[in-house]
Amino acid sequence: MQHPGHDLDDAPPEPAAGLAIIASQQERVRTGATVDGRLLFLAWGAAWLIGYGGLWLATQGLDVYRPPIGAFVLFGVCISGAVVFTIVHALRRSAGVRGPSTTAGAMSGWAWCLGFVVQAAVIGGLVKAGASHEVVGIAANGMACLIVGLMYMAAGAFDHQPWLFWLGVWVLVVAGAASTVGIPLTYLVMAVAGGGGFLVGAGIEHLRLRASKAQVGGTAVPA
């Protein structure tokens, strides 16, 4: 019997419905406090595609495969833009978050930073030792990709994300192939295969998030 002043909407939810609501809320909190891999992969895919593509195009028709300074400026702007976007996006997503995840994020950030500082020091040593422009270019690119690939593989292993692990593997494979073909083809391989790999990663991450949300909600989630 229904009492006056009450309707069926006031009834407590069924246990299954309550659990679904709790799971949905937890998923929203979790995804809201983590970076959006789709955006990061899109940013880096575009940066590599445009940056390395510009370096390759700038070498066409040259007797000496050394891109003009303008091509390196474009490359620097693309990479710097991707770095700034990554930092800002990560800081905004992690604002107010405390605990082990914050510590792990800070340690990861320092690992990235230290890796590239050491890379710059090694490249500086090669220049000081009289290495040619081609050797310096191949070494700088290969070492940077080695850092990126290994960091992605480690992140994928610790976060139980196989797709991120295999993306790191792909970066290493691309870097190895790009190093063997020599400049200027190095730039073309990095633009097409490297930048393309990040764009594929964006698509995989999008599908993964859709599947995760559909599993939590119990229904298909529109794109």
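Things worth noting here:
- Residue check for Gly197: within 21 Å of the chain's Cα centre (by Cα), in a helix (DSSP H, G or I) and surrounded by fewer than 17 Cβ atoms within 10 Å (Cβ to Cβ): no
- Filter pass, Val136 being open to solvent by 40 Å² or more (accessible area, probe 1.4 Å) and either closer than 23 Å to Leu185 by Cα or among the aliphatic types (A, V, I, L, M) (or both): no
- Filtered by the rule that a residue be among the β-branched types (Val, Ile, Thr), at pLDDT 90 or above and crowded, with 17+ Cβ neighbours inside 10 Å, region 148-170 gives no residues.
- Test result for Thr180, of a type in the set (Ser, Thr, Tyr), surrounded by fewer than 20 Cβ atoms within 10 Å (Cβ to Cβ) and on the phi < 0 side of the Ramachandran plot: yes
- Trp44 vs. criteria closer than 19 Å to Gly168 by Cβ and either modelled with pLDDT of 75 or more or in contact with a helix residue (DSSP H, G or I) (Cβ under 8 Å, 6 or more places away or on another chain) (or both): yes
- In summary, Ala58 fulfils each of the numbered conditions (1) at pLDDT 85 or above; (2) surrounded by fewer than 17 Cβ atoms within 10 Å (Cβ to Cβ) with the single exception of condition (2).
- Against the list (1) under 18 Å from Val83 (Cα atoms); (2) assigned to a loop (DSSP other than H, G, I, E, B), the condition Asn141 fails is (2).
- For the condition under 21 Å from Ala43 (Cβ atoms), open to solvent by 30 Å² or more (accessible area, probe 1.4 Å) and either under 15 Å from the mean Cα position of the chain (by Cα) or modelled with pLDDT under 90 (or both), Gly203 qualifies.
The values are calculated or read from the model by the stated rules, or taken from the named source; none is laboratory data. In this text, all values refer to a predicted model and were calculated from it rather than measured experimentally. Note that each Cβ is placed from the backbone with ideal geometry, even for glycine, and that neighbours are counted across all protein chains shown. Protein only, heavy atoms only, side chains kept; ligands, DNA and RNA dropped before computing areas. Shrake-Rupley method; radii C 1.70, N 1.55, O 1.52, S 1.80 Å.
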